[in-house]
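To start, the structure under review is shown below, and the notes come after it.
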Amino acid sequence: MNPNNLNLYIVDDDQPMRKSLGALILARLDGFAVQSFESGEAFLDNAHVDASGIAILDLRFDDVSGQVGRMSGLEVIQALNDRKSPLAVIFPCGHGTIPEVVDAMQDGAVSWLQKPCSEDVLLGTVQAAKEKAQSIAANRRARHAAIEMWGRLSDREKEVAPVIARGMSAKDTSRFLTNLDLQRPIDHRTVENHWAKIRAKLDVANSNELQRFLTSYFPELLEDQSKS
Amino acid sequence: MTLPADPSRAPAHLKAGRTSTQYVLIALAVMAWAGLLAGAGEWAARREISALVDEVRRSLEVQTLTLRGTVARYKHIPFTSGQQNDISGLLTLASRNMPAHLAQDFDESNPLLNKYRQNPEVVELLATHPLQETTDRVDVYLEDINRRVGSEALYLMDAHGWVLSASNWNGDPSFKSDNYRFRPYFKQARAGGMGFFYAVGSTSGLPGLFFATPVQVGDTVSGVMAIKVTLTDVEKTWEQAQSPLFLLDKRGIVFLSSKAHQLYTATRPLSAEDLADLNRTRQYDTGANSKARTFTRTAWTVDQRPDEVFQRIAMQIDGHDKEYLAISEPLPEFDWTLMITADLAPAEQARWITIIMGTLLSALLLLGTLLWRQRETRMIYLRRLREELERTVGERTKDLAESISFRKAMEDSLQTGMRARDREGRVIYVNPALCEITGYTSEELLGRLPPYPYWHPEETEKHWADNEAALKGQAALTGYEARYRHRDGHDLYMMIFTAPLIDGDGNHTGWMSSMVDITAQKNAEERQRQHAIQMQRTGRLANMGEMASTLAHELSQPLMALVNYSGAAKGFANKGHTELLNETLSDISEQAQRAAEIIARIRGFVRQSTPGFQPCAINDIVNNVIALMRPEALQQKSRIVTRMPDELPPIKADRVLLEQVILNLVLNAMQAMSDRFPADRVVTIETGREGDRVYARVWDTGAGVAERDSQALFQPFFTTKADGLGLGLNICRTTMELHGGRIDFANRPEGGAMFTIYIPVEP
């Protein structure tokens, strides 16, 4: 198995469907490590739901004829969402309305697949889900890196950074922070020192870049500043 | 309830019959009151009297002062004027020349004889020279003084009482040459004292006050100077006084009074001695030749009460009997007594005014009291009446409130809706239960005329009819059912009982209806019925539609798998994975097999559930269907009408399948009429023979089938129903074909869809 292959999980309570879907993907697509599960529980227990990948969830989401005590597709999606899983989910469904709750799933990680469908549509959907999974993974990595970089800042630098990100000069920043907490006055030269360190640690060249960095990863910091 | 029957009888003390004790009490009260009035009168009188006494006392003081002033004014005139030289000269001359017989004493026991006026010898003597000259001078002198002093006369007497000179020397009468030795004042002065006397002038006849002083020549009294003063001024002021004043001498004789008729009367009896004395001194002789006189008693009656400082004097004044208050003041230096009176009439007036006023006041008081008592009695009566009324009202209110609250509790606890309407159908009352049942508030319902908001829109006709019947009193006593619609839109089934509403006067004012919510019961029945139908359909008739649905779902799985596998096979073939391709192809055939099995199951199911073809009568089959459909027809409020000739040839058919077909047609017919009024929902089933075929025809009164839909009616999966599968008619056609017959459709010219099935007659 190629370790770079993307995990693809087929969760279907119908064995021929599981098998045929697996065969189709194996025969027509490359770069996937396919695993199949017959129930949501088995999937959640055994799959690497915290790693990047794709899940095709074809479980009946009502209990009209489903077995009692088994998870429906929606419940599995909910569980994945709760675990902040980076999986991209494909959710085949038949006639009828799409449950609205699923729309609100994080990152828009769920794709719909109208059943019955041709092989090409199915394969296209899987391909699209792959890209989505990769983008989710990239985002996560970037976020992790950003958090790590931010973690390197000292406490005072963490206070200085959002102010600078708002485009304030060193003098304004020192005045602003001093006013914010009269017990801890700060000199503009000290601000300059901090700012230099921030640039180095966060790998930003100027306050614009700093602002973009914070907007992307720590928007709440900018909000807090503007509030106070 | 007990009310005091008559106000006049209520207070016992106002009753006509009184006890003697009460009379005595009343009499005593009256007497006490009279006494009180008298006392008040007496008090007023005494008060007035005391004012009068004060007045009299003041008057006494004034008069005493006046008298004393008068006396003081003249008292010393004689002495002063006697100091003139001519006077002693005259006296000396006169005594020297006076004849001896004139110089002797008169017999004092005969005052009349003693009086000697204008004695010619004396006149002559005085006219002799040198006496005349001196006398003239003295006369002028005395006259001058007399005029200046304002006395009546001033005159000089010698030691024997002869008037030598007088101020009225040329008057008529003149005192000159008269002799006044009989007068006490002369005697007193002659004796060397001060002479003082009040008397009626024996010459002038005018009363006056005489003062006399001795005139001494050397050591001997050789003459007396006298002055007579009238009390005219005093008398004049007295005359103006309203009440009489009296001046009494030491003997009690009135000698000065504002009332002339009381003059010279004796207020007390005179002794003989007194009388003699009076005659001798000629004190009150009013005429020169008057005889010895007696004194009548003063015409009054005097009443001295022990507790009074004054006397009461009753006398006639100006012809009227009057009573006076009199106070006497002794004037010891004159031996007089001054008596001043005041009319007691004001005191009596005050007494009577007080009594009258008091009586009036009492009468007013009594009247007021009586009125007040009467009013009080009336008020007590009214108050008792009011209290009684309030108590009664309170009791009634309590009763009413209790009965209302009882009724309210009863109504509130009722699960049954209550509704009262007037004769026009206007809602005049609803109980909480009805509001609860229908979801409308009482405000929304009260005053409403039909149609009521809770009427079910699909049954408006029936509601109108029921309503009309109810208002006509034709509603069934056993109640009738009605379908209502709750405000929130769900259906209600009510059992309604209506009874006439009769008011207290026996008038029929409206209708009272009680409504029992039988929705739950109805729903239970409905569920039961549905369940029964379900059982019939699935158990006995094996509803093909549902079966098809299940099978379709089951089939979708292998078909989907087939799609996937064939896609995979394509991929493996392209990649040259022969082994995988083979495996996939096996899977494909496996899934195709699976699909075939499912289809076989349908077959088996159908076969299994039917007992097979056998001869049967079409009418029996139709009747069977009608029996099966009865609950559904009731539910759909549809009627099923049949037109079936008795003699029809038998057919060879699978009873159950044929029943299913007809049942399907009837069901479709009923569903097509659901938007019609219940009365118009009629399904007609007609059977008959056409050549070598028997037919059964089912039509409804619905809207029919649109032209463009009629071509597709029997196609599988065609449906006009929201929840239909579109298999019913298709299966029907298949079934008919199975029986060697067919199914036709036509829209009726009158409206409504008509289906006909044809089955060949059994040969």
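The values are calculated or read from the model by the stated rules, or taken from the named source; none is laboratory data. What you are looking at is a predicted structure, and each value in this text was computed from that prediction instead of being measured. All Cβ positions, glycine included, derive from the backbone under ideal geometry; neighbour counts span all protein chains shown.
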Single unsatisfied condition, B:G208 versus (1) assigned to a strand (DSSP E or B); (2) in contact (Cβ under 8 Å) with a residue 60 or more places away in the chain: (2)
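I need the full set of residues from the stretch B:1-28 which are at pLDDT 85 or above and either loosely packed, with under 11 Cβ neighbours inside 10 Å or in contact with an Asp or Glu (Cβ under 6 Å, 6 or more places away or on another chain) (or both), in order please. Step through it out loud before you land on a result.
Of the stretch B:1-28, the ones at pLDDT 85 or above are B:21-28.
Answer for the stretch B:1-28, where residues must be at pLDDT 85 or above and either loosely packed, with under 11 Cβ neighbours inside 10 Å or in contact with an Asp or Glu (Cβ under 6 Å, 6 or more places away or on another chain) (or both): B:T21, B:Y23, B:V24, B:A27, B:L28.
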Residues that are out of contact with any Asp or Glu (no Cβ under 8 Å at 6 or more places or on another chain), more than 30 Å from B:L663 (Cβ to Cβ), more than 8 Å from chain A (Cβ to nearest Cβ) and at pLDDT 85 or above: does the stretch B:565-573 have at least one? yes
Of all residues in the stretch A:8-42, how many are surrounded by 17 or more Cβ atoms within 10 Å (Cβ to Cβ), acidic (D, E) and at pLDDT 85 or above? 1
Can you find a residue in the stretch A:133-150 that is among the aromatic types (F, W, Y), modelled with pLDDT under 75 and more than 14 Å from the chain's Cα centre (by Cα)? no
Whichever residue in the stretch A:124-170 is under 30 Å from A:I54 (Cβ atoms) and buried (at least 18 other Cβ atoms within 10 Å of the Cβ) and, among such residues, is farthest from the other protein chains (Cβ to nearest Cβ): A:I136
Looking at (1) crowded, with 16+ Cβ neighbours inside 10 Å; (2) at pLDDT 75 or above; (3) of a type in the set (A, V, I, L, M), which is the only condition A:A109 fails? (2)
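Is one or more of the residues making up the stretch B:484-493 small (G, A, S) and surrounded by 12 or more Cβ atoms within 10 Å (Cβ to Cβ)? Show your work before the answer.
First, the residues of the stretch B:484-493 that are small (G, A, S): B:489.
So of that shortlist, the ones also surrounded by 12 or more Cβ atoms within 10 Å (Cβ to Cβ) come out as none.
No, every residue in the stretch B:484-493 fails to be small (G, A, S) and surrounded by 12 or more Cβ atoms within 10 Å (Cβ to Cβ).
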From the set of residues in the stretch B:574-597 that are aliphatic (A, V, I, L, M) and surrounded by fewer than 17 Cβ atoms within 10 Å (Cβ to Cβ), which is farthest from the other protein chains (Cβ to nearest Cβ)? B:A596
Kindly indicate the residue of the stretch A:20-33 that is in contact (Cβ under 8 Å) with a residue 24 or more places away in the chain and assigned to a helix (DSSP H, G or I) and also farthest from the other protein chains (Cβ to nearest Cβ) among those meeting that condition. A:I25
Residues within the stretch B:635-666 that are in a helix (DSSP H, G or I) and touching a residue at least 60 places away in the same chain (Cβ under 8 Å), tallied: 11
Answer yes or no: is there a residue in the stretch A:137-159 that is assigned by TED's automatic domain parsing to the domain that holds A:I90, in contact with a strand residue (DSSP E or B) (Cβ under 8 Å, 6 or more places away or on another chain) and among the hydrophobic types (A, V, I, L, M, F, W, C). no
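Tell me, which strands (runs of 3 or more DSSP E) wholly within the stretch B:211-290 include 1 or more residues that are at pLDDT 85 or above, in contact with a helix residue (DSSP H, G or I) (Cβ under 7 Å, 6 or more places away or on another chain) and under 30 Å from B:L90 (Cβ atoms)?
B:220-229
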In the stretch B:346-389, what residues are over 29 Å from B:Q242 (Cα atoms) and among the β-branched types (V, I, T)? B:T359, B:T369, B:T377, B:I380
For the stretch B:311-360, what are the residues that are surrounded by 18 or more Cβ atoms within 10 Å (Cβ to Cβ), aromatic (F, W, Y) and at pLDDT 85 or above? B:Y324, B:W336
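List the helices (runs of 4 or more DSSP H) inside the stretch A:120-228, counting only whole elements, that have at least 1 residues being within 30 Å of A:F91 (Cβ to Cβ).
Values: elements: A:155-165, A:170-180, A:188-202, A:207-217, A:219-227.
Result: A:207-217, A:219-227.
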Inspect all residues belonging to the stretch A:59-66 and state whether any of them is modelled with pLDDT under 80, more than 13 Å from every other protein chain (Cβ to nearest Cβ), farther than 24 Å from A:R141 by Cβ and surrounded by fewer than 13 Cβ atoms within 10 Å (Cβ to Cβ). yes
Exactly one of B:I598, B:I588, B:I602, B:I626 is modelled with pLDDT of 90 or more and either more than 23 Å from B:T687 (Cα to Cα) or outside any loop (DSSP other than H, G, I, E, B) (or both), and that one is B:I588
When restricted to B:L434, B:L414, the only residue in contact with a helix residue (DSSP H, G or I) (Cβ under 6 Å, 6 or more places away or on another chain) and surrounded by 13 or more Cβ atoms within 10 Å (Cβ to Cβ) is B:L414
So which residues in the stretch A:34-52 are of a type in the set (A, V, I, L, M, F, W, C), over 21 Å from the mean Cα position of the chain (by Cα) and more than 14 Å from chain B (Cβ to nearest Cβ), if there are any at all? A:F37, A:A42
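Taking strands (runs of 3 or more DSSP E) that do not extend beyond the stretch B:294-374, which have at least 1 residues that are touching a residue at least 60 places away in the same chain (Cβ under 8 Å)?
Details: elements: B:300-304, B:311-317, B:320-331, B:336-343.
Because the criterion is at least 1 residues that are touching a residue at least 60 places away in the same chain (Cβ under 8 Å), the strands (runs of 3 or more DSSP E) in the stretch B:294-374 that meet it are B:311-317, B:320-331, B:336-343.
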For A:D45, are the conditions met, namely being surrounded by fewer than 22 Cβ atoms within 10 Å (Cβ to Cβ) and outside any helix (DSSP H, G or I)? no
